[in-house]
Amino acid sequence: MPSFPLAPLVRPREDGLQLSYRLPHRVLAAKGYPLRAPNGSSIIVYGYETGLKVVWRGGRQFSELEEPESSTQGKNEANNGGDSVMIIDSDEEDAPAASTVREGPTYDFVAEETEVDPAFPYESVLRQIDIPLGSRVLDLAVPRVLPEEARSPLDPFPPIVKNHIVVSAVCSDLSTRVVILPLIPPHPAQTDPKSWNIQTLTIDRGVTHQHIPRGVSLTFTCQEIEDEQDHKKSRNRVGGSGKWDLLVATHSAEGSGVLLLRRIPIQEDSSDKGPTYHLLEDELVSQRRILPSPAQTIAFNPSTYPSSRHSNLLVAFHGGCVKVYSCFSVQKSSKSGRRASSAHEEYETIDTEGRWLISLYPGFEQGPTGFPRRKTIIDAEWVLGGRAIMVLLVDGEWGVWDIEGAGPGATKGPLHRQSSVQGVTGGSLTAYAVSGRIMTPPSNSQSEAEQRPRFAPMTPSTKRVREDTLLKGSMTAASPSLRGQISVCQTNSSQEQLPDESILVRHGKQSAVIPSLLSLWRNAVRATGTFDSSNRCRVTPFQDVNLMGENFQAICHLPTPARRSRAAEHRAFDVLVAAEHQIMILAPRLKESDDSAPVAAKPEVNLENDQMMLRRGELDVEGMGRLLNGMQSGAASLRMGSPVKRTRIFT
């Protein structure tokens, strides 16, 4: 199998390093897994010609591999000694049955984090494995979930994701694969792939594609247990108050366009080492939907169950339209077998057919024949925690549609069960809540004036150059391109009123970052007050990323490996860039952490504990101060938006 190189090609940047890993195969799709391994490693998953590659980067190192002690050795020696009484005894016949299962070797990780070598100030590759699929991986998807430190412990969370990596991939042989493997990296001494506990499911039941799939997306849903009989049947599946299922959506260009939805139940089995999970292919439920035209991209809503929007699917079309499809539409009905005597007798039933919720349209442009046409959509993604949609167009323009009216300075929109449609306005043209354009940074050989020192003497010549730069700008509009991508990563806690997200945008050969979409949005709708000019409110292009002549394949967020020095920087992610034959990571230089510095506490955990202690009447004065400060900051965030809706273009 091809190997992921351990030594990268290091190139310095203004804000850190560019780590380039040259590969002997072509990278077709790449993702950064949103959760870290138990030892703190970040995880990279990418697809190539024959399968998947999983790479663990950084984190604590492996400890020594320990072989398990055989508990049946003494009994075997006694049986070999010729004692026939022990063999005849019927009470001992069933006892050694459970001990006949051979346990694998156990290992742990060292307690101390690795020291930083000043000559190599970056995280090293800890482990890598290949998962052969026998076909070319065209696209892959990972669940869009929050890490443990960012989500509330009371929120429902799929138990399979806590200790396992779940990846879905579409291949060139028309198949859809679901791969499940442990989140913890296997020990380097474990060279046998059977010891890695990898499960690969090929979805070939029900309705299948007759054309090569173009894209895939996945999420998790849950079925509530209604009565005791169902609870007994599902006790071996989840052991809780619901049954978790995996939702996988794929699309292809057969006919006018086809969308396939698969709902796969997840079974939980108990073992000595902890729960294990399996996908029940026999109980798979599939749904086929004919599209008006082939889809460009699809994405499940990042909201988690029991939110009603968690199963909403975003479908973007190349011809200039974005639709939202509800996979399981909910309708109210009364219980069968008796009359509904009150409103409490009614409950919600789920329609598995689904329905279309809303259609969104970008603006127009002049076509080659001189007639206006819709702007071509490259990519679309959920933002604001699944309450808004961000779209990227072929000319480099991007915009956000506030479909629920949840953004700053907006009112509730049509998808929030409101009669007012002020959140989304327009018929043939849907207005953006905030928009901008990807710009091309100036090249080094663009002009002689731009190569002059920053503090040049003020002469008539330099004064004219500076005036032109001030009025016209030093960056130009990006040329049209059909290749692009949007990557979204939430950077604050789920307990905040509005999620703050970092946005990575790829358009052609250009890429840019929006450190805080929420801050940029507030600046766009603010009619009065001081304009926030910090870098968090800007669209900042990556000016010094060297692809070495290769084409852009993917860009996404990669969680930072656990390290005390990185935790003090308050940057929760690195940037993962995939080219045709290399994987690149944009990360800051590592610095040695100060052991005497206290480790930052988790504010969401303290807030949750304070609320619980307040209900019990055990909260002290310091806890009351933390709660009052949180209420004051929440009230200040409510006053940030202005009821006057204005559009400001950011470049």
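For the reader, a short list of remarks on this structure follows.
- Close amide H partners of residue 296, meaning residues 5 or more places away or on another chain with modelled amide H under 5 Å apart, are 316, 317, 318.
- Phi to ³J(HN,Hα) by Karplus 6.51 cos²θ - 1.76 cosθ + 1.60 over segment 285-297, Hz, x for Gly, Pro: 10, 10, 9, 10, 10, 7, 9, x, 7, x, 7, 8, 7
- Per-residue Cβ neighbour counts within 10 Å put 507, 25, 209 in the sequence 25, 209, 507, beginning with the fewest.
- Derived scalar couplings ³J(HN,Hα) [segment 210-218; Karplus, 6.51 cos²θ - 1.76 cosθ + 1.60; whole Hz; x for Gly, Pro]: 9, 9, 4, x, 9, x, 8, 8, 9
- Placed amide H near residue 501: partners under 5 Å, 5+ positions off or other chain: 491, 517, 518
- Beyond 23 Å in Cα-Cα separation lie the following of the pairs 323/375; 323/509; 53/194; 509/591: 323/509; 509/591.
- Computed extension length for residue 49-residue 355: 106.5 nm, one decimal, from 0.36 nm per residue of separation with the Cα-Cα distance subtracted.
- Highest-first packing order for the peptide set 397-407, 478-488 is 397-407, 478-488, based on the mean count of other beta carbon atoms within 10 Å.
- Our note on the geometry: Cα centres of segment 240-317 and segment 179-228, 11 Å apart.
- Exposure proxy shown here: for 278, 251, the number of other Cβ atoms within 10 Å sets the order, fewest to most, as 278, 251.
- Hull volume in cubic angstrom per residue (convex hull over the Cα atoms of segment 3-66): 142
Values in this text are rule-based calculations from the coordinates and carry no lab data. This structure is a prediction, so every number in the text was calculated from the model and none was measured. Here the Cβ is made from the backbone with ideal geometry for all residues, glycine too, and neighbour counts use every protein chain on show.
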